[in-house]
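Undergrad: Pasting a structure below so you can have a look.
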Amino acid sequence: MKATIVEFHDIAPEVRHFVLEVPEVEQLHFKPGQFVSLKETLNGKKITRPYSIASQPDGNRFELCLNLVHEGAFTPYLFAMKPGDSVEISAPLGFFVVRDPAKDALFIATGTGIAPFRSMAPGYFAQPHAGQLTLLFGVRHESTIYYRDDFETLARTQATFRFWPTLSRADSSWTGRAGHVQNHISEALAGRTDFDVYICGLKAMVDEVRGILKESGFDRKQIIFEKYD
Ligand SMILES: Cc1cc2nc3c(=O)[nH]c(=O)nc-3n(C[C@H](O)[C@H](O)[C@H](O)COP(=O)(O)OP(=O)(O)OC[C@H]3O[C@@H](n4cnc5c(N)ncnc54)[C@H](O)[C@@H]3O)c2cc1C
């Protein structure tokens, strides 16, 4: 399938939100949390990279949140694309989806690891067994809390949703949580071990958080994760 870029805007330095559509289908079917693989032949080499869908199912449109890896093989090409350009995509895939039936849950993301949770958090509350959901989101600066409005709006409409951004390089005016996501896990769990925990981001963070959860008494089946590298 080919997807066409409808529009994009930069949501932080070197982080871009893309809106795409797939003209050949009326509906792109996927579960919140799944990814699409983008493919292109560059310098004679076929490159394929998966990207989490950052939007709810909505006709043939979908959204992505990408960060530019300057020395990367693919992202410089994607960041040079303009509205109207097309790229080949796979059908949506992946098992990083909210379990059915849903339990009380903790979502943990850093950086563009927030992408699947922008789709999964509203999806979580559409499930009949939705309970309490906390989203712990680590970024460096207050100005780069991606999708802050979306999550704050969800927190206003869903009494059992807590949005906890934490800043690793907070300036002195910030009164919220500071430091890495790892520092706030025990506060989010409050002594409980009956949550499902979903983690998304780079390997180093995902592995460290899994270690903390296992030490806290979590079974590996309660820990669902997506590693970007
Ligand atoms: C299931 C899945 C979903 C993903 N979803 C997203 C997404 O929604 N948004 C997104 O920006 N990326 C996502 N990624 C990562 C993406 O597939 C690419 O690996 C990334 O865009 C780098 O591609 P590249 O060819 O430019 O860099 P490569 O030439 O492949 O170089 C990758 C190197 O860049 C570094 N790096 C820095 N930032 C990242 C990053 N975000 N991801 C991976 N490596 C990074 C790593 O150290 C890695 O060694 C996802 C990966 C997986 C496996």
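Undergrad: Apply 1/(1 + (r/R0)^6) to the Cβ-Cβ distance of Ser86 and His180, taking R0 = 35 Å, and write down the FRET efficiency to the nearest 0.05.
TA: Taking R0 as 35 Å, the efficiency between Ser86 and His180 is 0.35.
Undergrad: Tell me, what is the 1.4 Å probe accessible area of Phe35, in Å² to the nearest 10?
TA: Roughly 40 Å² of Phe35 is accessible to a 1.4 Å probe.
Undergrad: Rounding to the nearest 20 debye, state how big the charge dipole of the chain is about its Cα centre with +1 on each Lys and Arg Cβ and -1 on each Asp and Glu Cβ.
TA: 440 debye
Undergrad: Let me ask you something else. Could you please state, rounded to a whole Å, how far the C-alpha centre of segment 95-126 is from the C-alpha centre of segment 1-56?
TA: Spelled out, the Cα-based centre of one part sits 19 Å from the other.
Undergrad: Would you compute, from DSSP H runs of 4+ residues alone, the mean residue ellipticity of the chain at 222 nm, taking -39500 (n - 2.57) per run and dividing by the full residue count, rounded to the nearest 500?
TA: Helix-only estimate at 222 nm: -5500 deg cm²/dmol.
Undergrad: If you don't mind, another one. How much accessible area per residue does the chain have, in Å², with a 1.4 Å probe?
TA: Using a 1.4 Å probe on heavy atoms only, each residue of the chain averages 49 Å².
Undergrad: I would also like to ask the following. How large is the Rg to Rh ratio of segment 1-93 when both quantities use alpha carbon positions and Rh follows Kirkwood?
TA: 0.93
Undergrad: Next up: Within the chain, what whole-number % of the accessible surface is contributed by carbon and sulfur, with the 1.4 Å probe and all protein chains included in the calculation?
TA: Solvent-exposed carbon and sulfur of the chain make up 49 percent of the total.
Undergrad: List the residue ranges in the chain for DSSP H helices whose C-alpha atoms run 27 angstrom or more along the long axis and whose Kyte-Doolittle average is 0.0 or above.
TA: Sorted by number, there is nothing, because no helix extends far enough and scores high enough.
Undergrad: Considering the chain as a Gaussian network with a 10 Å cut-off on Cα pairs, which listed residue, Glu88, Glu187, Glu24, attains the greatest mean-square fluctuation?
TA: Glu187
Undergrad: Then there's this: Quick one: P(r) of the chain from all Cα-Cα pairs, 10 Å bins, percents rounded to integers, in order of increasing distance.
TA: Calculated P(r), rounded to whole percents: 7, 33, 36, 19, 5, 0.
Undergrad: Going Cα to Cα from Lys221, which lysines come in below 18 Å? Please leave out same-chain ones fewer than 8 positions away.
TA: Lys103
Undergrad: Count charges around Lys203 for me, please; just the other residues with Cβ under 10 Å from its Cβ, Lys/Arg as +1, Asp/Glu as -1.
TA: -2
Undergrad: Tell me which lysines have Cα within less than 17 Å of Lys227's Cα, excluding those fewer than 8 residues away on the same chain?
TA: Lys203
Undergrad: Name the residue from His9, Gln34, Pro23 whose Cα lies farthest towards the positive end of the charge dipole of segment 1-47, charges +1 on Cβ of Lys and Arg and -1 on Cβ of Asp and Glu.
TA: Towards the positive end, the residue furthest out is Gln34.
Undergrad: Where in segment 22-65 is the amide nitrogen less than 18 Å from a point lying 7 Å along the Cα-to-Cβ axis of Leu202?
TA: 50-52, 65
The values are calculated or read from the model by the stated rules, or taken from the named source; none is laboratory data. Predicted model only: the values in this text are computed from it and were never measured. So basically every Cβ, Gly included, is an ideal-geometry build from the backbone, and we count neighbours across all protein chains shown. For accessibility, only protein heavy atoms count, side chains too; no ligands or nucleic acids. Shrake-Rupley method; radii C 1.70, N 1.55, O 1.52, S 1.80 Å.
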